[in-house]
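Inspection log for the structure reproduced underneath, given as structure tokens.
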Amino acid sequence: MKEKAYQISMEIAGNTAIWTRPDSGDSPCSYPAPTFSAVRALFESVLWGPAVLIIPRKVELCSIPQFHSYVTNYGGPLRSLISVKNGNNYQMFATVLLDVCYRIYADVISNPNKKSLPKTAAKWERATTSPGHAYQEIFNRRLARGQSYATLFLGWSEFTASYFGPFRKGTKVCTDLPDIYIPSMLRSVFQDEYCSKPYPVYDTDLCIHAGVLEYPRKESRL
């Protein structure tokens with residue numbers, strides 16, 4: 001019997017965003033829309049729980065993609081050993097998006113991999129008739145209150161959201177947007193959710209049509 005899916009959705013906006021293309025190297029460049037795993041992370045930032053799986057379905061662009069050059073001082077672990085030892089940063093150049101706004105959608109199902117659940121999640125899952133439905137109800141309540149499990153950001157942690165919550169009446173999908181073709185787009189690095197090992201997977205031949213990007217359905221590996 002196929003697991004019943006429960007739908008969740010929300011609107012999110014911000015002044016700056018970057019959905020990094022892995023092929024852009026040390027000068028990161030953004031995709032025109034968030035990746036599958038980025039959308040999943042945004043939902044999990046509102047409400048996270050390993051007893052369920054969040055499967056992103058689509059994203060609607062409510063603003064025209066505007067690419068912009070961005071420079072920041074990088075002080076992370078990917079610096080050379082000499083730079084780390086001397087406490088030196090270096091300038092990182094990136095191509096980001098400005099003034100973004102999206103409507104994102106996903107399905108929620110019970111996590112079929114019960115063996116991977118921590119004890120607290122397994123106990124909650126056993127006591128819940130429908131984990132997916134329970135998650136949907138709790139998620140919607142938290143979203144309406146503006147509550148979150150973690151800070152919502154748009155790619156990089158410094159790009160925090162200016163709004164997240166239910167759909168706003170004044171927000172419109174950019175249906176007149178010309179088709180944007182994406183030959184290859186990172187889907188996810190961790191395919192099996194909680195405690196999974198890294199296994200990068202890409203989607204190919206995607207298209208943002210009438211302002212909508214639909215993620216391919218790959219139920220076998222989500």
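Of all residues in segment 122-181, those satisfying the criterion of being more than 19 Å from the chain's Cα centre (by Cα) and among the polar types (S, T, N, Q) are THR128, THR129, SER130, THR171, THR175. Tell me, yes or no, whether segment 139-150 has at least one residue that is modelled with pLDDT of 95 or more and in contact with a His (Cβ under 8 Å, 6 or more places away or on another chain). No, segment 139-150 contains no residue that is modelled with pLDDT of 95 or more and in contact with a His (Cβ under 8 Å, 6 or more places away or on another chain).
Look at (1) closer than 30 Å to TYR163 by Cβ; (2) touching a strand residue (DSSP E or B) at 6+ places or on another chain (Cβ under 7 Å); (3) charged (D, E, K, R) and you find that GLU137 fails only one, number (2). Would you mind telling me which numbered condition in (1) surrounded by 12 or more Cβ atoms within 10 Å (Cβ to Cβ); (2) over 30 Å from ARG217 (Cβ atoms); (3) among the aliphatic types (A, V, I, L, M) VAL108 fails? Unmet for VAL108, out of (1) surrounded by 12 or more Cβ atoms within 10 Å (Cβ to Cβ); (2) over 30 Å from ARG217 (Cβ atoms); (3) among the aliphatic types (A, V, I, L, M): (2).
Checking the structure you have, find out if any residue of segment 158-171 is of a type in the set (Gly, Ala, Ser), surrounded by 11 or more Cβ atoms within 10 Å (Cβ to Cβ) and over 26 Å from THR72 (Cβ atoms). Within segment 158-171, one or more residues are of a type in the set (Gly, Ala, Ser), surrounded by 11 or more Cβ atoms within 10 Å (Cβ to Cβ) and over 26 Å from THR72 (Cβ atoms).
Suppose the filter is farther than 22 Å from PRO200 by Cα, of a type outside the set (Asp, Glu) and in contact with a strand residue (DSSP E or B) (Cβ under 8 Å, 6 or more places away or on another chain); does SER110 pass it? Considered against the rule, which asks whether it is farther than 22 Å from PRO200 by Cα, of a type outside the set (Asp, Glu) and in contact with a strand residue (DSSP E or B) (Cβ under 8 Å, 6 or more places away or on another chain), SER110 comes out as yes.
Please work out if THR95 is in contact with a Phe, Trp or Tyr (Cβ under 6 Å, 6 or more places away or on another chain) and of a type in the set (Val, Ile, Thr). Here the answer is yes, as THR95 does meet what is asked.
Which residues, counting only those in segment 112-129, are outside any helix (DSSP H, G or I) and crowded, with 16+ Cβ neighbours inside 10 Å? Across segment 112-129, the qualifying residue is only LEU117. Being modelled with pLDDT of 95 or more and surrounded by 13 or more Cβ atoms within 10 Å (Cβ to Cβ) holds for only one residue in ALA17, ALA51, and it is ALA17.
The values are calculated or read from the model by the stated rules, or taken from the named source; none is laboratory data. Note that the structure is a prediction, hence the values are computed from the model and not measured. Every residue, glycine as well, gets a Cβ built from its backbone with ideal geometry; the counts of neighbours run over all protein chains shown.
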